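Here the structure is laid out as structure tokens; the discussion comes afterwards.
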């Protein structure tokens, strides 16, 4: 018997739970319907295809990642805000190994996805602005930070760190290095020795 109150949000969360447990390859309408205790045709009242279901999980996931990072950065700036946000980002990625990759899929022309992605970018740009970076360099810095955090999270989730060295210490070392780079950039900008990127 169909579950009362079935909504797109409930479907997205059931699908997210499935991909976190078993990976993206396990995501099918039939599996999600089974997890929700409904027949597959019931899902078509809410989801038109597997692609639409993946998009729904992606939208929900990026919302949750943005909320996580924004909450961590709230009331903080500079190095303190950066570290809090970085730990929150890594924590989400590790806690949601199936959903996280779906938040990183580019969806050009998808206005809803782009709006949600902008919510994630806002606290990053605010924190980087707190380092005193010139406006022309903010996007470059945001891309560098995202690349570092994303790369670390993917390697951690894929058991890519095989050496017998504490992974948490490596993460802190990486954050220290990024902070130093941002501080050097700030100093050069302040003295006028670094040309603005056009």
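Any read-out appearing in this document is the output of simple, stated calculations on the displayed coordinates, not a laboratory observation. This one's a predicted model, so the numbers in the text were calculated from it and none came from an experiment. Here Cβ is always computed from backbone atoms with ideal geometry, including for glycine, and neighbour counts include all displayed protein chains.
What ranking do 55-63, 78-86 get when scored by the average of other Cβ atoms within 10 Å per residue, highest first?
Numbers: 55-63: 21.7, 78-86: 19.7.
Going by the mean number of other Cβ atoms within 10 Å, highest first, we get 55-63, 78-86.
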Handout entry: Largest-first principal axis extents of the Cα set of the stretch 14-95 (Å)
Key = 50, 22, 19
Exercise for the section: Using a Förster distance of 22 angstrom, determine the FRET efficiency expected from the C-beta separation of residue 163 and residue 24, and round it to 0.05. Expected result: 0.20
Handout entry: For Cα Rg over 2.2 N^0.38 Å, calculated from these coordinates, the label among (i) 1.19; (ii) 1.05; (iii) 1.14
Key = (i)
Exercise for the section: Name the most mobile residue of 77, 147, 17, meaning the one with the largest mean-square fluctuation, in a Gaussian network model of the chain with Cα contacts below 10 Å. Expected result: 147
Practice task
Note down the nm distance, to one decimal, between modelled labels 7 Å out along Cα→Cβ at residue 112 and at residue 144.
Solution key: 3.6 nm
Practice task
Sticking with the crude label model, points 7 Å out along Cα→Cβ, report the distance from residue 105 to residue 10 in nm, one decimal please.
Solution key: 2.4 nm
Problem - For peptides 89-99, 149-159, 165-175, sequence by mean Cβ density within 10 Å, most packed first - result: 89-99, 149-159, 165-175
